[in-house]
1. Going by Cα centres, segment D:173-224 and segment B:239-294 are how many Å apart?
2. Looking at B:125, B:150, B:178, which one has the Cα that reaches farthest to the positive end of the dipole of segment B:88-209 (charges on Cβ: Lys, Arg +1; Asp, Glu -1)?
3. Considering the rotation that carries chain D onto chain C, locate the chain D residue whose Cβ comes closest to its axis and report the distance in whole Å.
4. Go through D:71, B:279, A:292 and say which Cα lies farthest out towards the positive end of the charge dipole of the protein assembly as shown; charges sit on Cβ, +1 for Lys and Arg, -1 for Asp and Glu.
5. Count, for each residue of E:140-150, the Cβ atoms from other chains sitting within 10 Å of its Cβ, then give me the mean as a whole number.
6. If you place +1 on the Cβ of every Lys and Arg, -1 on the Cβ of every Asp and Glu, and leave all else neutral, what size is the dipole of segment B:88-209 about its Cα centre, to the nearest 20 Debye?
7. Using 1/(1 + (r/R0)^6) with R0 = 56 angstrom and r between the beta carbons of residue D:113 and residue A:139, what's the FRET efficiency to the nearest 0.05?
8. At a threshold of 8 angstrom on Cα-Cα distance, excluding pairs fewer than six apart, so keeping six or more, what relative contact order does segment B:88-209 reach in percent?
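The values are calculated or read from the model by the stated rules, or taken from the named source; none is laboratory data. What you are looking at is a predicted structure, and each value in this text was computed from that prediction instead of being measured. Every residue, glycine as well, gets a Cβ built from its backbone with ideal geometry; the counts of neighbours run over all protein chains shown. Ligands, DNA and RNA are excluded from the accessible area calculation, which covers all protein heavy atoms including side chains. Shrake-Rupley method; radii C 1.70, N 1.55, O 1.52, S 1.80 Å.
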Amino acid sequence: MVKYNPKIWFSIIFHSYSKHVLKTLLPALAMLAGFSAFVCYLILDYFAFQPHEFQGSTTVHSLLGIVLGLFLVFRTNSAYDRWWEGRRLWGGLVNSTRNLALKLNAYIEPQDLEERTWFAKMISNFIYATKESLRQGVQLSELDPPHETFLQELKAVKHKPNNIVGQIYTRINTLYRAGKFTGDHLINVDKELKDFIDLMGACERIRNTPIPYSYSMFMKKFIFIYLVTLPFGFVTTFGYFTIATVILVAFILLSVELIGEEIEDPFGRDVNDLPTDELAKKIKDNVKEILSVR
Amino acid sequence: MVKYNPKIWFSIIFHSYSKHVLKTLLPALAMLAGFSAFVCYLILDYFAFQPHEFQGSTTVHSLLGIVLGLFLVFRTNSAYDRWWEGRRLWGGLVNSTRNLALKLNAYIEPQDLEERTWFAKMISNFIYATKESLRQGVQLSELDPPHETFLQELKAVKHKPNNIVGQIYTRINTLYRAGKFTGDHLINVDKELKDFIDLMGACERIRNTPIPYSYSMFMKKFIFIYLVTLPFGFVTTFGYFTIATVILVAFILLSVELIGEEIEDPFGRDVNDLPTDELAKKIKDNVKEILSVR
Amino acid sequence: MVKYNPKIWFSIIFHSYSKHVLKTLLPALAMLAGFSAFVCYLILDYFAFQPHEFQGSTTVHSLLGIVLGLFLVFRTNSAYDRWWEGRRLWGGLVNSTRNLALKLNAYIEPQDLEERTWFAKMISNFIYATKESLRQGVQLSELDPPHETFLQELKAVKHKPNNIVGQIYTRINTLYRAGKFTGDHLINVDKELKDFIDLMGACERIRNTPIPYSYSMFMKKFIFIYLVTLPFGFVTTFGYFTIATVILVAFILLSVELIGEEIEDPFGRDVNDLPTDELAKKIKDNVKEILSVR
Amino acid sequence: MVKYNPKIWFSIIFHSYSKHVLKTLLPALAMLAGFSAFVCYLILDYFAFQPHEFQGSTTVHSLLGIVLGLFLVFRTNSAYDRWWEGRRLWGGLVNSTRNLALKLNAYIEPQDLEERTWFAKMISNFIYATKESLRQGVQLSELDPPHETFLQELKAVKHKPNNIVGQIYTRINTLYRAGKFTGDHLINVDKELKDFIDLMGACERIRNTPIPYSYSMFMKKFIFIYLVTLPFGFVTTFGYFTIATVILVAFILLSVELIGEEIEDPFGRDVNDLPTDELAKKIKDNVKEILSVR
Amino acid sequence: MVKYNPKIWFSIIFHSYSKHVLKTLLPALAMLAGFSAFVCYLILDYFAFQPHEFQGSTTVHSLLGIVLGLFLVFRTNSAYDRWWEGRRLWGGLVNSTRNLALKLNAYIEPQDLEERTWFAKMISNFIYATKESLRQGVQLSELDPPHETFLQELKAVKHKPNNIVGQIYTRINTLYRAGKFTGDHLINVDKELKDFIDLMGACERIRNTPIPYSYSMFMKKFIFIYLVTLPFGFVTTFGYFTIATVILVAFILLSVELIGEEIEDPFGRDVNDLPTDELAKKIKDNVKEILSVR
């Protein structure tokens, strides 16, 4: 995630990310410019049509342009909703890890360092495992093993975050059966562990489910058809200025589509993705501080 | 559900699904093309109206086009919301099955394999029964009977997923009455079973309730009237180019409507439907792994 | 609620409901046609204004038309939200009645048929009472009295669904006091009864609260003014074709408004209303099957 | 709140409230009419500009008009959301008072009239106190004192609804400590009391937080600038008809803004406000009936 | 937060805040005016292009203007949602502090002033610490130490609000272990403390996560490109009036963007920010009154 001051326009417009966007769009823009020039030449010079033969054609593109604009806003909106929901879920993970740590801190004796360390490590492990399972797969090297065989045992497991939460559930139940936790403690702690699984599952949902294929395809086809027919519609009105106009319109439409694509899957390492590495670190520090574990 | 890379335009625009859409729309587009040609001939050649007699008529279609665009976005939006809610619900099923399995894993003795196997089978059975009850009806062959007479007993029942959850509820209450589960366990497990029923019921709601009839009808009538009057509005401005224009506009409007229809009921087996088969398989594997059952 | 196949356009556009809409709108459309004809005659023939005196007036109606379109979509949207919320609430009733029945089934001895029958009847009675209290008032004949004086006692009560839930609450508390239900059972069952009241209350809210008066009035006034001024704006551009244009625009605007009105109160017996009779029947069957009561 | 039949257009458009709106807007409309007339005179007669000097100026106002329309819909939308949220909250109060009464009815002995009367009075008192604390301040005369010194004690308290809920909380805890309520009862009743405070607090939030100042100001400035520049833009196209056009546009824009303002604070006594007096009465009757108290 | 009467237009439009906006936008408006003048001079006088060479160019800016308007409304909408969510969260803090105080008031003996004072101070401390941790950092001077070493101990802690809630959790658990609170009390109180952490965490989420960088950049680039190309598009139609038109359009577009920026982070001390200082004071007074602590 880029940190930026939203009030300084200049630095934003000429930011390096801006160049990245331009570079991505350049081939498409170049092709459209060439195509437009070709269409202009064909119609204005080769066939030399008279204006009244194409007159008023901007009407159709105006109308379709507005409809396309509506769809782009809808598409942008739903991509943003996914991104923001991803952020809410990670905010939820911050909250429920804090809550679990705070409750454990109150229920476990201050001097029982072994228990405290175990929970502090395992809560962080859950977060780090979740973070990477939303990318290419859990990085075992990021985890902090609470006992020696932990990593080996985990390697054999398919769904690693599930397994870690399972160990926490079992440990708490053991404390309960041993009389160290009362039933009321068990009920209070249960809410947080349920949240762990629910929040992780919701992240997996966003990660594994792109916008329906037919929408995505329709948007791209609509933009494609719109831009390809644009020079025909504008050529008699604008003459050779059509080329600049097409580039301008194409730049805006393709930018929006590009933003939508970049934001749809917010758990990666792109410029616009959520700072999950940072959040995982923050959670780890919070949990340790709360449980008074170094 | 089609898996696709949203960043590769070319393969998306010329994907086989694209041909499927074209094939579906072809009859309508052909009829409109013929109709437009007929109108053009009638007005331009047969009656040979002068432009000033139909002048400016594009205004009305511009205005109505924008209003129609607004309604199409609204319609697309609400179809997408249904689809996405369906996905949330199945995400919820992933979460609550995991949670139930994790809790049972903590509460049931590790060596009590009979109990563990029973629950693993029944949780999966609930999911598989739900999945197909949202299509044509529960497929008994997909279920994994925990005891011999299970399938026969289930055959006699009308609402099969209800019955399966009922058996789980009863089994847990029996464990509670026998003192194997405490009251606190009962309370914690109850949340997940409630979620089972709530999520399944919400899926049934989406499946059984299309968009209100009058909306659906209005959209279709509006598009129909719009397209049929379009050649009259455009003919004096565009001449015989009207035919191409009408096809372009029709293609876009009908595509949107088609997408809305396809996405509305997301639990089937269409290209755009949710991957519930895959999710059911994933849940089964998760539950088995969590409960350490082969 | 009309059942329909959204993919068959033809049968939808020429459905009998379509005629119903047309019949409702006919007087207004006829009056507008007459008024437009009168305006056309006045301006084109009686006063015989020259075009340049009214030139460009379509601009204002284009602009206002788009603004009006935005408001109609907003209005449609909020009417649809009410309708869909109504559906969610009834879906919620399906879920919570199922959950309550499933829990009672697990907690009550299988052979205690008296208790089971009492609850099965009373849960259904609650649903049937709610269904009609959202229309003209509870139909006592639809209820299934669990004891002889039940209907007479209920007749004396003002808010009947409240009373039925109250009896269920009391019965469960009696079972609890008698030691047949444990405290954990009481807590688990309490969630469903709370849902009963919350869902019923939310239905009453939708039923008793139309869209704010000033909005409803503003929409109608805006449409009225728009349609009445429309012939003045279009007459010089379209000549006598103005009449057809006004009818087309009026048909679309009034249809949308009509749909909004029909869907706003979704608990009645109109074509577009929710199938609450069907849902109540379904709930009754579900509950009986779950509690193994004939 | 005005009760009305949304299907009778005539009575709605010429309703007395309509006159109230007109009266409020009249000064502004009159001023704008005068200003437009002055601009028309200046440009058409005094300076007698030629059309080509101002040609096409309607473009800018068309464009800005649509943008303004979008913002007005957004503003209307968010005002409506506040109004509807207010309604949901009061619906929530109906529900949670019913639930509390139903639970108390089940848990308290039928013959313990003193306890029942106390709770019936105090629940109603909470609602009546909340209702008026959302206006100018609690009306002590509306309350029903459960003991003699109640009103005097309450007078000394700043936040009266808080205090009433506090007394209910304490009374229930006393019953619990005395063994009349079990712990399970306490847990079940706690949900409703929590809802009391949450719902009241949410009402206070809506009441105390208008739309951000900068939005409100921006909307008014935008409308003001738009209307004041409108005659300059339209004068060459419409001539003296500009005056009528400006009034028409102004009427629509100002009406929308007015509606937004009226609905924003839904707890007062305006025509469009929520019927909280009626709801409070309904709650009182419900609670009394449920607890069998006269 | 500015308090204002939304019905008095005059005072709002000419409010001092209005001057503040103008001052912020002045440099940009001045530059655009200069640039437009330069473009006009170049095209009208220096090169003296004929109208037909640039004819109709307003079409593109009309179209793009509407698309830009759609995006601005979307941007405004999402900024407002953040602001309003911030307000909901603080409303939630008001509610959960009240609820906790009310429950403690019921559960703690009236004469146990020490306990009451401790909780009253610590709840307020949590709010004051949260308030400032959403700005530059916790102001220790604002806190009310319940024991002498409190502030010193807190200074050593990184996340101060967490620590304060941790102390409350622990204190309540101690009361529970000592038998002063029952398990039912513990469960009821737990909900409120969970809310404390969840609400604070959600505020941190809003504060730390601006709108995605690529959106923010795109909006600014779009506005920039639009305004810079505007004079070219309008010059042949409006002549030197182009300058006024560009300023008008720029003022509106930049105002909207400015509002979005100001409202995005609602926890600061700007004119449009939430009155968190006032709310913290209100919570402190409420809690003290409820717990009968001076």
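1. Segment D:173-224 and segment B:239-294 have Cα centres spaced 41 Å from each other.
2. In segment B:88-209, that residue is B:125.
3. D:66, 5
4. Towards the positive end, the residue furthest out is A:292.
5. Values: counts 0, 0, 0, 0, 0, 0, 0, 0, 0, 0, 0.
Partner-chain Cβ atoms within 10 Å, mean over residues of E:140-150: 0.
6. Numbers: 17 positive and 15 negative charges, 90 e Å.
My answer is approximately 440 debye.
7. On the way: r = 68 Å, r/R0 = 1.21.
Efficiency computed from Cβ-Cβ geometry: 0.25.
8. Working: 90 pairs, mean separation 43.1, N = 122.
The normalised contact order for segment B:88-209 reaches 35 percent.
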